[in-house]
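Taken together, the values in this text are just the output of simple stated rules run on the coordinates, not laboratory data. All of these numbers come straight from a predicted model, not from anything done at the bench. As a convention, Cβ positions derive from the backbone with ideal geometry for all residues, glycine included, and neighbour counts pool all protein chains shown.
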Amino acid sequence: MTNPTHFLEIDDVTRDELETILDRAAEYKRAQHEGEPHEDLEGQTLGMIFQKPSTRTRVSFETGMTQLGGHAVFLGEDDIQLGRGEPLKDTSRTLSRYVDVVMARVFKHENIEVLADYASVPIVNGLTDDAHPCQTLADLQTIREQEGGFEGVSAAWIGDGNNVAQSFTVGAAMTDIDLTVATPEGYGIDDEVVDRARELGGDPTITTDPVEAVTDADIIYTDVWISMGQEDERDVRMNDFEGFQVCSDLLEHAPEASIMHCLPAHRGEEITDDAIESDRSIVFDQAENRLHAQKALLSWLLE
Ligand code: CP
Ligand code: NVA
């Protein structure tokens, strides 16, 4: 069996590799905007397993493969035998015989690790309960465009210490972004993630005070309070996250900050409509950059 490179966490690539991928993402963005062909993955196929819904991840990966001259196959859990109990390890080995790379969106993070353990092609994490590294690639591309680089950039994560927050924390450490994470008590990012960020040279500030976090920040980033699979916790979470909404009162403490959200957004919960529609919002640049960053990732994994 070959030994493929997987992308399960943002720090599965080195700092140098991350920079290479981000440079390539910028180049693909330019080529696509200028209508220049870039069919670098001609004849290659991506399998896309989804156990949860998706708009951006699904469409950006599928469109990205088309633009690269390749092909993508959508594999909703209930459309394949996985939904009827076929083990992931069998699904992984079977798909490895057909496709060149697999992207999967699953619930438990250990399930993507099972896919990777049994695959003979690269496995890409398209979101698990613990991590969303493809989102982080696009986030970093967006921040680099917005700020002209990473040096001296400060960012504040406000809200749930969820999958998006955890990958962003590690990605910020890898790019020397000065990050403060503000979550309610009990909703912080895992200690293991903070340790990884520190080992990578970061020093995230952890707080429960959103005002402290956003004061003078360049970037304010939030995500939903109720992630996919947490619907039963709605009432408790709505109560616990009070005071963590990205709204005009909070934004007053960071008059220059750009506003980020991985989308989909729940307006009136973690962010107000005003905030997301304001001139300071770069959420659709983030969404667009999913396309370019993932094309760069796929072509890097397959070269
Ligand atoms: N941000 C993100 O992953 O969006 P989707 O759930 O629509 O893929
Ligand atoms: N934290 C969210 C991200 C969606 C892209 C979720 O897991 O539902």
Problem set entry | Qualifying aspartates and glutamates (Cα of each under 13 Å from Cα of K108; at least 8 residues distant if same chain) | D129, D130
Exercise. So what are the ³J(HN,Hα) numbers for region 224-237, from phi and the Karplus equation (6.51, -1.76, 1.60; θ = phi - 60°), rounded to whole Hz, Gly and Pro as x?
Worked result: 4, 7, 10, 7, 4, x, 10, 4, 5, 8, 3, 4, 5, 5
For this session: Could you tell me, in Å, what Rg and Dmax come out for the Cα atoms of the chain?
Result: 18.7, 56
Exercise. Nearest 10 degrees, 0 to 90: what angle lies between the long axis of helix 56-67 and the longest principal axis of the chain (Cα atoms)?
Worked result: 50 degrees
Problem set entry | Sequence ranges 273-282, 131-140, 234-243, ranked by mean other-Cβ count within 10 angstrom, highest first | 131-140, 273-282, 234-243
Problem set entry | Listed peptides 59-65, 216-222 by packing density, highest first (mean Cβ within 10 Å) | 216-222, 59-65
For this session: Taking the chain as the reference, fit the longest principal axis to its C-alpha atoms, fit the long axis of helix 163-174 to the helix C-alpha atoms, and give the angle between the two in degrees, 0 to 90, nearest 10.
Result: 90 degrees
Problem set entry | Derived scalar couplings ³J(HN,Hα) [region 274-286; Karplus, 6.51 cos²θ - 1.76 cosθ + 1.60; whole Hz; x for Gly, Pro] | 4, 5, 6, 8, 6, 4, 7, 7, 10, 5, 7, 5, 4
Exercise. Leaving out same-chain residues fewer than 8 places away, which lysines sit with a Cα under 17 Å from that of K29?
Worked result: K295
For this session: Taking amide H positions as placed in the peptide plane 1.01 Å from N, state which residues far from L179 in sequence (5 or more) or on other chains have amide H under 5 Å from it.
Result: A155, D203, T205
Seminar exercise, completed: For the pair D274 and E252, the simple spin-label estimate (label points 7 Å beyond Cα toward Cβ) gives in nm 1.0 nm
Seminar exercise, completed: Dividing the mean separation of Cα pairs under 8 Å (6+ apart) by the residue count of region 135-286 yields a relative contact order in percent of 24 percent
Exercise. For labels at E185 and R234 in the simple 7 Å Cα→Cβ model, what's the distance in nm?
Worked result: 2.7 nm
Exercise. For region 31-76 and region 93-128, what is the separation of their C-alpha centers, rounded to whole Å?
Worked result: 16 Å
Exercise. What fraction of the Cα pairs in region 135-286, stated in percent, has a spacing above 25 angstrom?
Worked result: 20 percent
Exercise. Using θ = phi - 60° and the Karplus form 6.51 cos²θ - 1.76 cosθ + 1.60, what ³J(HN,Hα) does each residue of region 248-254 get, whole Hz, x for Gly and Pro?
Worked result: 4, 4, 5, 5, 4, 7, 9
Exercise. Full extension from E17 to D209: what is 0.36 nm times the residue separation minus their Cα-Cα distance, to one decimal in nm?
Worked result: 65.7 nm
Problem set entry | Acute angle (nearest 10 degrees) that the helix 109-118 long axis makes with the longest principal axis of the chain, alpha-carbon atoms | 20 degrees
Exercise. Of the GluC sites (Glu not before Pro) in region 137-170, which ones lie in a loop per DSSP and count no more than 11 other C-beta atoms within 10 Å?
Worked result: E151
For this session: Let me see the pair-distance distribution of region 1-91: every alpha carbon pair, 5 Å bin width, integer percents in order.
Result: 3, 11, 14, 19, 23, 16, 8, 5, 1, 0
